[in-house]
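The values are calculated or read from the model by the stated rules, or taken from the named source; none is laboratory data. Every value quoted in this text rests on a predicted model; they were computed, and no experiment measured them. Neighbour counts are summed over all protein chains in view; Cβ atoms, including those assigned to glycine, are modelled from backbone coordinates with ideal geometry. Heavy atoms of the whole protein, side chains included, go into the accessibility calculation; ligands, DNA and RNA do not. Shrake-Rupley method; radii C 1.70, N 1.55, O 1.52, S 1.80 Å.
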Amino acid sequence: MSALLPHRRTALRTLAACAAATAAVLGPVSGAFADSPSRGTGPTPADIARCTVTKTVPSILPIEGAHVDIINRPIPENGPQGPQAVLKDKDGNLLLGGVNYNHPVNEEAGLKLTNLESGRATLWERRSAGGVVFLPTHEFPPLPKGCPVYWGKDSGGTYVRTVKLADDSIAKIYRIGPDHYRAEGFADGHSFGSIEATTAEPYVAGNLNGLIVALSSKGELTSWIAKVRPSGPHNETLADGKTVARVTELGDQHYRAALVDADGRTLATMEVNGEAKFRSAVKVGSLWAVLETDGSITSHVAG
């Protein structure tokens, strides 16, 4: 469940349908892959082919026909495979190289990958002139049905339960260890990414085209559909009708939000800072709140 730009509000079902169409092009997807990949057996060439999806997107470089080939596939325990993006010219020739899981930044090509552990990496691009910083431009396509986020790594944990999400998709929750849970989302049987909450980050959230999924390190999970909301520095009353979020701007894509009660007491704080941390979540009682890098907040009261 990865970072999405505010203007990209396509329906989740549309993404799922695209994933299904991609899987059909690659061939039938078998049920050979369990929810957590087994230890000690690596993928076969057929496995890799089945679990590889590609998408071509235009480059933001001012070069006619320049484009980026995005390749999504499970992350290997060793080796160069995994999520990848390659810059090419109009004839399909390599142009200044690319980025992958092991080398996620290429300053010369102006490419960067983030959110790699979710299974839905985010592509960041930078123009060649004008001093423009890296900006998120595209999200990777979802992995085909039955394909793991990792190859050869026992990262699945112990299955706990399945939760129906706000848009009728589902999330499977796994316990990785003490105060460490992972939630993986599925629409029409296709994984659309995962989030993990730990003692170091006890509240996390994903945003898939406005579907917010929030998880705690205790295994609590809730979801809601985000509404259009203010961005930038501002104050707003949250979903419980009494908590006020005071959002202040600290720099470019760097915001802090203080959640205060009716007496002005600070209940919790959240902070985001561009690509270093593009989303922050917190839970106060039954109120969940999520801050994004444009300074916007979405909130929800869990039942």
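Worth pointing out:
- Residues being open to solvent by 30 Å² or more (accessible area, probe 1.4 Å), of a type in the set (G, A, S) and assigned to a helix (DSSP H, G or I) - total across region 254-299: 1
- Elements of the type strands (runs of 3 or more DSSP E) sitting completely within region 94-137 and holding at least 3 residues that are at pLDDT below 85, surrounded by 19 or more Cβ atoms within 10 Å (Cβ to Cβ) and of a type in the set (K, R): there are none.
- Selection of region 223-239 for residues being open to solvent by 50 Å² or more (accessible area, probe 1.4 Å) and either among the hydroxyl-bearing types (S, T, Y) or in contact (Cβ under 8 Å) with a residue 40 or more places away in the chain (or both) yields I225, K227, P230, S231, P233, T237, A239.
- Count of residues meeting criterion [under 18 Å from E271 (Cα atoms) and modelled with pLDDT of 95 or more] in region 214-230: 3
- L61 in contact (Cβ under 8 Å) with a residue 40 or more places away in the chain and within 18 Å of the chain's Cα centre (by Cα): no
- Taking the conditions (1) open to solvent by 50 Å² or more (accessible area, probe 1.4 Å); (2) farther than 24 Å from K112 by Cβ; (3) of a type in the set (D, E, K, R); (4) part of a loop (DSSP other than H, G, I, E, B) in turn, R246 satisfies each one other than (4).
- Filtered residues of region 176-196 (kept if touching a strand residue (DSSP E or B) at 6+ places or on another chain (Cβ under 9 Å), within 13 Å of G219 (Cα to Cα) and modelled with pLDDT of 85 or more): D179, H180, Y181, R182, A183, E184, I195, E196
- Candidate set from region 138-175 (those that are at pLDDT 85 or above and polar (S, T, N, Q)); member that is nearest to V53 (Cα to Cα): S169
- Here K55 passes the criteria (1) in a loop (DSSP other than H, G, I, E, B); (2) in contact (Cβ under 8 Å) with a residue 12 or more places away in the chain; (3) within 23 Å of the chain's Cα centre (by Cα) except the one numbered (1).
- Annotation: of all residues in region 23-58 being open to solvent by less than 20 Å² (accessible area, probe 1.4 Å) and modelled with pLDDT of 90 or more, the one that is farthest from F186 (Cα to Cα) is V57.
- Looking only at residues of region 59-76 that are charged (D, E, K, R) and surrounded by 15 or more Cβ atoms within 10 Å (Cβ to Cβ), we find that the one that is modelled with the highest pLDDT is D69.
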